[in-house]
1. For B:Asp564 and B:Glu551, compute 0.36 nm times the residue count separating them, minus their Cα-Cα distance, and round to one decimal in nm.
2. Where Lys and Arg each count +1 and Asp and Glu each count -1, what net charge lies around A:Gln16 among other residues with Cβ under 10 Å from its Cβ?
3. Would you please give the residues with an amide H less than 5 Å from that of B:Arg467, counting only those at least 5 places away or on a separate chain, with H modeled from the backbone geometry?
4. Using θ = phi - 60° and the Karplus form 6.51 cos²θ - 1.76 cosθ + 1.60, what ³J(HN,Hα) does each residue of the range B:145-162 get, whole Hz, x for Gly and Pro?
5. Need one number: convex hull volume per residue for the range A:2-170, Cα atoms only, in Å³.
6. For B:Glu567, enumerate residues with amide H under 5 Å from its amide H, sequence gap 5+ or separate chain, H modeled in the peptide plane.
7. With labels modelled as points extended 7 Å from the Cα through the Cβ direction, what inter-label distance (nm, one decimal) is found for B:Ala342 paired with A:Trp73?
8. If I histogram all Cα-Cα distances within the range B:51-253 using bins 5 Å wide from 0, what percent of pairs lands in each bin?
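The values are calculated or read from the model by the stated rules, or taken from the named source; none is laboratory data. These numbers come from a predicted model, not from an experiment. All Cβ positions, even for glycine, are placed from backbone atoms using ideal geometry, and neighbour counts span all protein chains on display. Just so you know, the surface numbers come from the protein's heavy atoms only, side chains and all, with ligands and any DNA or RNA stripped out. Shrake-Rupley method; radii C 1.70, N 1.55, O 1.52, S 1.80 Å.
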Amino acid sequence: MAGVLLALATALAGCQREERQLRLDPPIADALDKIALMPNRISGAPPDVYFVLGKPYEVNAYNLSQGKRLYAWFGCKSCHGDGQGGSGPGFLDGWWYYGPEMVSIFASIRDGRPHGMPAFGDRMTTDQIWQLAGYVQTIGSYEGKTAAPSRNDEKQTRPAENRAPAKLLFDEGPSPVHPDQGPTP
Amino acid sequence: MNRPATTTGMRDIDIARTKLTGALAETWTTPSGFWGALATVDHKIIGRRYIFTAFVFLALGGVLAALMRIQLAQPEARLLGPDRYNQIFTMHGANMMFLFAVPVMEAVAVYLVPLMVGTRNIAFPRLNAFSYWIYLAGGMLLWTAFALDMGPDVGWFAYVPLSGPQYGAGKRADIWAQMITFTELSALAVAVELVVTIFKQRAPGMTLDRIPVFVWAMLVTSFLVIMAMPAIMIASTSLILDRLVGTHFYNPAEGGDVLLWQHLFWFFGHPEVYIIFLPAAGMVSTMIEPFARRPAFGYLGLVMALIATGILSFGLWVHHMFVAGLPRLGDSFFTASSMAIAIPAGIQIFCWIATLWDGRPVFKTPLLFIIGFIVTFVIGGLTGVMVASVPFDTQVHDTYFVVAHFHYVLIGGAVFPLLGTIHYWFPKLTGRMMSETLGRWSFWLIFIGFNATFFPMHILGLEGMPRRIYTYQPDLPWHGLNLFISLSAVILIAGFLLFFVNVIRSARSGEVAPDNPWDAPTLEWATTSPPPSYNFAMIPVVGSLHPLWSERDTLPVADGLRTDRRELIVTTLATAEPQARDASPQNSIWPLWAAIATTIMLIWSIFSPWAVVWGSIPVAVALIGWFWPKGTPEDES
């Protein structure tokens, strides 16, 4: 019985993790745009529909991998590098100027932030912004997600997202890992 | 085997015939009940399971094909979206190649080869049980994943970079790669068993030139499996490593190579075609004899053609990669070798035609399928020679012309003989005959339906319709032919449904079959239908290529085998002279545990590399249980 339940739970998780929503219904996209931010525009609450859908932009493999492509296509690399930062802040070091919540990252991308972060709200659709936000959060995650994307077909500068690069950097341990090196499997 | 009894123990010469069969049955029979069924190592029970499972996968793959045909029947259809369509064509191809075509050929061999060479069980019977469980687990992995929207969507050959870490999101490509590992593991296990069975367990007197052609075909096929499958196992393992751990086998930026995938895949993938076709050719050569009422024409030519095809099949994998960009010499070499393989195929075709020409053919259902095979396979072979030419291939690559070509060679070359095989050996599998009327109806429906479905695809391809598209626009000139193809597919499906109805009805209430209903010449017809658990009460002694024709009344037998333990005769490789009495393993539940442990390790390793470390512990425990010493001598010379 327990085994059946476990199989069922895994199955449902599997469904959600692999589903590919290629185009959102316009009403859902509108609802997803209505986040409730705190007055200082840091932290807040996503719309209810986000939870009804099952946090699709944090746990769904397709959305995360689309986020990774958007990260390259919209030039995020030119300031944030591969996540280690450049003229913009890095995501791997455990510091989030506006907090690690999805809504804060969503707001940063949609509306921009002071000191150089432009607003992308008029260049990307709502679900693209959510996909990108989910990916950016994954770069800095301390736990490797099974749904996270793997390496790209290019020069390797840090461990891939599914190997939790932020955790490796943050966890000095007896033998700290240099960001250029991958972890041992 | 008239040697003095060197050890104690009951021998078959010591007791009367009636008591003999009782004693053998007690030693060999699989105990009834749940655990008995799970622990059995009887090649007949496992072979039947294998065949049944493979046909279930055929039916499931057919459902996918039907879905694709409904979707493509009209332009801009809305039944399937692009994502689901990608999964469906990938599942259709992977399922038909890895879960149906290869396993079903090996399954038929698992059942028939020990009977045809006159022995009591396959070599390494526990490995045989293990291979079935692994095959079942691999099939369930693929189909469960598909049901969960996790089905692979990268084509049945999963080219990188599409299937690689950058573009293959989620675990879909990993499911494909690991399913490959399962099916290759089971295929390799069966191949090793068959080689040893054919080399060392042939009945006394069955010299190399007295081996039935189907057994020869399985020998060559098994060597192809042993040499081709490691390439794909390396490929699929390194793909999973790239995707999970971040290795760079297929990453050109870090010194990897994208084309490496295509070479590794097709170095396996092309011999794979012959792994499917050679058993079918062997089945035809063996089945044609009782229906032509004469020995197959050109035994030596048929066997040499099988071996030549096997060797040549490793020299033409690059013709799948003509559009990848090759040096001129490569183009010419692989064009020449691709055309050269038509020679051994042609030799076989002419031998079969000569056999029918000179014989007095009896047109029963199996022979109808053989003739259907010759017609469709020749058409498929001719388009094969066409696409072997680089300029032509460049034109039709990735179009429906190629779809038409490979369905002609695979369905024409393998499924037609296989359906004939089921009709022919059904009495040996179940003890009952299949209905001749239903058989004829299903043959004509399948033959007409198949040609009406797939022939127009040649034209569609020449008109430029690409493969793997989920829909097309109404202003393209393809919708008339597509609708015709989809309607013809209904006839084809009706033929297959009728075949399945025939199988189920005949298995339940068919006419009870005598030992040798077709008056066939090979050894499997020398025992009852279906055979007893010990196959033969006395091991036959073979004096010719057609033992049941040359010695119709009394087949000489060997004696001296013990009846109180599982024993079979080991013979020399070339001349099949008796060498030893070898013990054949008892039933064991350990192969099942080993298969479950291996399954857990392999599936877990899609998600975490640590699975290989921790998952290998249960595998080791299961293998220790499996090989625990029994303290009895293995064989007596």
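1. 1.7 nm
2. -1
3. Sorted by chain and number, the residues that satisfy this are B:Thr399, B:Tyr400.
4. 4, 4, 5, 9, 6, 10, x, x, 9, 10, x, 5, 9, 6, 4, 7, x, 4
5. 135 Å³
6. Those qualifying (amide H under 5 Å, at least 5 residues apart or on another chain) are B:Ser584.
7. 4.6 nm
8. Calculated over all Cα pairs of the range B:51-253, the distribution is 1, 7, 14, 17, 15, 14, 11, 9, 6, 4, 2, 1, 0 percent.
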